[in-house]
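The values are calculated or read from the model by the stated rules, or taken from the named source; none is laboratory data. The shown structure was predicted, so the numbers you read here are calculated from the model rather than taken from an experiment. Cβ placement follows ideal geometry from the backbone for every residue including glycine, while neighbour counts extend to all protein chains displayed. Side chains are part of the model used for accessible areas, which takes the heavy atoms of the whole protein and leaves out ligands, DNA and RNA. Shrake-Rupley method; radii C 1.70, N 1.55, O 1.52, S 1.80 Å.
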Amino acid sequence: MSLISGFEHFVRENEPLSPLTSLRLGGPAEYFAEPTTVEELAAIVKRFSEAGVSVRMIGAGSNVLVPDSGVSGLVIHLSAPAFCQIEIDGNRMRVGGGARLSHLVSNAIREGLNGPQHLVGMPGTIGGALHSNISFPNVDIGTWVRSVDVMKRSGEQLTYSGEDVTFSSRESSLSELVILAVEAEFEKEDPAALTKQLQTLWLVKKAKRPPADFNAAYLFKNPFGESAADLIDSAGMKGTSVGGVSLFDANPNYLVTESGATVADVIKLIETVRKGVHEKLDVQLETAIQIW
Ligand SMILES: Cc1cc2nc3c(=O)[nH]c(=O)nc-3n(C[C@H](O)[C@H](O)[C@H](O)COP(=O)(O)OP(=O)(O)OC[C@H]3O[C@@H](n4cnc5c(N)ncnc54)[C@H](O)[C@@H]3O)c2cc1C
């Protein structure tokens, strides 16, 4: 029996991953699954884990760098409707792990839930965001979380209450394989006031973030109390480029690529910047982007 027997309707072999990443770089996944139900997800996770084959999740691919050689084992994408639902009840919102942050924002604004407007323009899924506890000025996504449904590598499901999960700077204690869904709670606010705030935030962020049609990545975690972008600037690294990859002018904590860019260019640029900041400022920057 092959590893994917019985799962052929939602698993493919040798699937290119570059179209699923914001950098549009990297090779294929040995196996790639888009399960349509939680039962299919549990079955494939269990089968691969028991066989000792590696299993990873991909969301919107905005925070991963895939090597040119691709990745061995299984990559799971929660793209099916079963994993992308958003339900709102009063000031609580239940969001599937595969749901896009942009959908979370638009639903929250419509229903007058205060907080998600700060995520405007941020790429990603709720699973990917919670996995890394994405951060942005004065708000931390973890503070909204009331419970999280996860799946272990055995295929078993668990629900954590918000107090059982710890969130720190761009990290969370959620170490299970899959973030299935999150329940979050927000303060209520007038939708018209939120829309106004959203428009202002959008303009501010638009000026400091690569446009959506750029192939881009967010590079380093902000070391406590400091901005990685400011450190890169102070170290005189602004404008650094390697091959087809360069730091984004308006905010050097992003890189952008042009045609012909390679994964090797990206890694070299990251190392060059990290070394420069360390030599000039004696600060070790830690990458936010996950290098697979
Ligand atoms: C233009 C741009 C702007 C950005 N701005 C910011 C910013 O302001 N602040 C910030 O903190 N980050 C920022 N980022 C980084 C990135 O957008 C976030 O980290 C994003 O939330 C990642 O979500 P994703 O779905 O793309 O995750 P992916 O890149 O697909 O995955 C990231 C990690 O999460 C894991 N993962 C994905 N889905 C799940 C799941 N369902 N269950 C368990 N694990 C999962 C993956 O295995 C991987 O380890 C930016 C990136 C870009 C390209």
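Quick one: Cα centre-to-centre distance for the range 209-240 and the range 38-85, in angstrom? The distance from the Cα centre of the range 209-240 to that of the range 38-85 comes to 29 Å. Largest accessible area first, the listed residues MET1, MET93 line up as MET1, MET93 when surface is computed with a 1.4 Å probe on the assembled protein chains. Over the range 84-193, Cα pairs under 8 Å with separation of 6+ residues give a relative contact order of 32 percent.
To the nearest 0.05, what FRET efficiency results for SER227 and ILE291 with a Förster distance of 25 Å applied to their C-beta separation?
Working: r = 22 Å, r/R0 = 0.88.
Efficiency computed from Cβ-Cβ geometry: 0.70.
According to the Kirkwood relation over distinct C-alpha pairs, the hydrodynamic radius of the range 11-80 is 12.1 Å. Placing R0 at 30 angstrom, the Cβ-Cβ distance between VAL283 and GLU258 gives a FRET efficiency of 0.55 after rounding to 0.05.
Beyond a 30 Å Cα-Cα separation, which of these cross-linked pairs lie in this structure: LYS205/LYS268; LYS152/LYS275; LYS152/LYS238; LYS46/LYS188; LYS196/LYS275? Let's see the in-between values first.
Working: LYS205/LYS268 27 Å; LYS152/LYS275 37 Å; LYS152/LYS238 42 Å; LYS46/LYS188 41 Å; LYS196/LYS275 42 Å.
Violating the 30 Å Cα-Cα cut-off are LYS152/LYS275; LYS152/LYS238; LYS46/LYS188; LYS196/LYS275.
What accessible area per residue comes out for the chain, rounded to a whole number of Å², with a 1.4 Å probe? Could the numbers behind the result be given before it?
Values: 13690 Å² over 292 residues.
Heavy-atom SASA per residue in the chain reads 47 Å².
Please check: in the Gaussian network model of the chain (C-alpha springs, under 10 Å), which one of ASN253, ASN14, ASN215 has the largest mean-square fluctuation. Top of the fluctuation ranking is ASN14.
Computed from the mean reciprocal separation of all distinct C-alpha pairs, what Kirkwood hydrodynamic radius does the chain have, in Å? The partial results should precede the final answer.
Working: mean 1/r = 0.0499 Å⁻¹.
Here the Kirkwood hydrodynamic radius works out to 20.0 Å.
Give me the dipole magnitude in Debye, nearest 20, for the range 210-291 about the Cα centre, with unit charges on the beta carbon: positive for Lys and Arg, negative for Asp and Glu.
Working: 6 positive and 11 negative charges, 30 e Å.
For this selection, approximately 140 debye.
Treating each Cα of the range 38-179 as an identical point scatterer and summing with the Debye formula, the log10 of I(q)/I(0) at q = 0.19, 0.22 Å⁻¹ comes to -1.22, -1.55.
I'd like the carbon and sulfur percentage of the solvent accessible area for the chain, probe radius 1.4 Å, heavy atoms only, ligands and nucleic acids excluded. Whole-percent figure for carbon plus sulfur exposure: 50. Name the residue, out of VAL53, VAL150, VAL277, whose mean-square fluctuation peaks in a Gaussian network model built on the chain with Cα pairs under 10 Å. In the Gaussian network model the winner is VAL53. Once you reduce the range 253-292 and the range 12-33 to the center of their Cα atoms, the two points are 22 Å from each other. Per residue, the chain reaches -8000 deg cm²/dmol at 222 nm when only DSSP H runs of four or more residues are counted, each adding -39500 (n - 2.57).
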